[in-house]
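Trainee: Please find one structure pasted underneath; my questions will follow.
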Amino acid sequence: MLNFLPPPLVGVIAALLLAVNTLFWVPVLLCCSLLRLLLPIPALRRGLARVALLIAESWIACNSGWMTLTQRTHWDVEGLGELDYRSWYLVSCNHQSWVDIL
């Protein structure tokens, strides 16, 4: 972790890593989504849906990586035992402000 650096510098590093990560994954995800929208073949669309999910999971993993690098993050997650990995769920985050996200 970068705790030895001054907090403003850590904030700048975190913001840059967030921006780079987003600028990398968004175009990849958009290309996959556009292909899925344009291709009429159901089997290809299902395959692209799996690819889009892999892209989203990779984006999340990279976010977890820079957050671990730049700050102490404590996750309080409950009810995981009842979730099925092959199912879909709606996640609603309770952010008080945009600062909470970082």
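Trainee: Please list Ile60, Ile41, Ile13 in order of solvent-accessible area, largest first, computed with a 1.4 Å probe with all protein chains present.
Mentor: Ile60, Ile41, Ile13
Trainee: Tell me the angle of helix 7-38 to the major Cα principal axis of the chain, expressed in degrees between 0 and 90 and rounded to the nearest ten.
Mentor: In the chain, helix 7-38 runs at an angle near 0 degrees to the longest axis.
Trainee: Only one of the values (i) -0.75, -1.16; (ii) -0.55, -0.97; (iii) -0.47, -0.98 was calculated from this structure for log10 I(q)/I(0) by the Debye sum over Cα atoms at q = 0.14, 0.20 Å⁻¹; name its label.
Mentor: Only one option fits the structure, namely (i).
Trainee: If I ignore ligands, DNA and RNA and count only protein heavy atoms, how much of Glu57 is accessible to a 1.4 Å probe, in Å² to the nearest 10?
Mentor: 70
Trainee: OK, next. What shape does segment 26-78 have by the C-alpha gyration tensor, where a ≥ b ≥ c are the square roots of the eigenvalues, rounded means a/c under 1.5, and otherwise prolate means a/b greater than b/c and oblate the rest?
Mentor: Prolate, because a/c is 1.5 or more and a/b exceeds b/c.
Trainee: Related question: What trypsin sites (Lys or Arg not before Pro) in segment 1-77 are in a loop by DSSP, with at most 14 other Cβ atoms within 10 Å of the Cβ? Spell out each step's value before the answer.
Mentor: Details: sites: Arg36, Arg45, Arg46, Arg50, Arg72; in loops: Arg72.
Here the trypsin sites (Lys or Arg not before Pro) that fit, given the DSSP loop and packing criteria, are Arg72.
Trainee: Over the heavy atoms of Val91, what accessible area does a 1.4 Å probe trace out, to the nearest 10 Å²?
Mentor: 120
Trainee: Moving on. Could you work out what % of the accessible surface of the chain is carbon and sulfur, using a 1.4 angstrom probe and leaving DNA, RNA and ligands out of the count? Write out the running numbers ahead of the final one.
Mentor: On the way: 5940 of 8490 Å².
Within the chain, the accessible surface is 70 percent carbon and sulfur.
Trainee: Taking the 0 to 90 degree range and rounding to the nearest ten, how far is the long axis of helix 42-70 tilted relative to the main principal axis of the chain, both from C-alpha atoms?
Mentor: With both axes taken from Cα atoms, the answer is about 0 degrees.
Trainee: Tell me what the chain gives for mean residue ellipticity at 222 nm when only DSSP H runs of n ≥ 4 count, each as -39,500 (n - 2.57), the sum divided by the residue total, rounded to 500 deg cm²/dmol.
Mentor: Details: 3 runs with 65 residues, N = 102.
That calculation yields -22000 deg cm²/dmol at 222 nm.
Trainee: Also, quick follow-up: Run the simple label-point estimate for Thr68 and Arg45 please: 7 Å along Cα→C-beta, distance reported in nm.
Mentor: Here the modelled spin labels are 3.7 nm apart.
Trainee: A follow-up question, please. Before I look further, what does the chain give for accessible area per residue, probe 1.4 Å, in whole square angstrom?
Mentor: Numbers: 8490 Å² over 102 residues.
With the other protein chains kept in place, the chain gives 83 Å² per residue.
The values are calculated or read from the model by the stated rules, or taken from the named source; none is laboratory data. All of these numbers come straight from a predicted model, not from anything done at the bench. Neighbour counts run over all protein chains shown; Cβ positions are idealised from the backbone, glycine included. Accessible surface areas use protein heavy atoms only, side chains included; no ligands, DNA or RNA. Shrake-Rupley method; radii C 1.70, N 1.55, O 1.52, S 1.80 Å.
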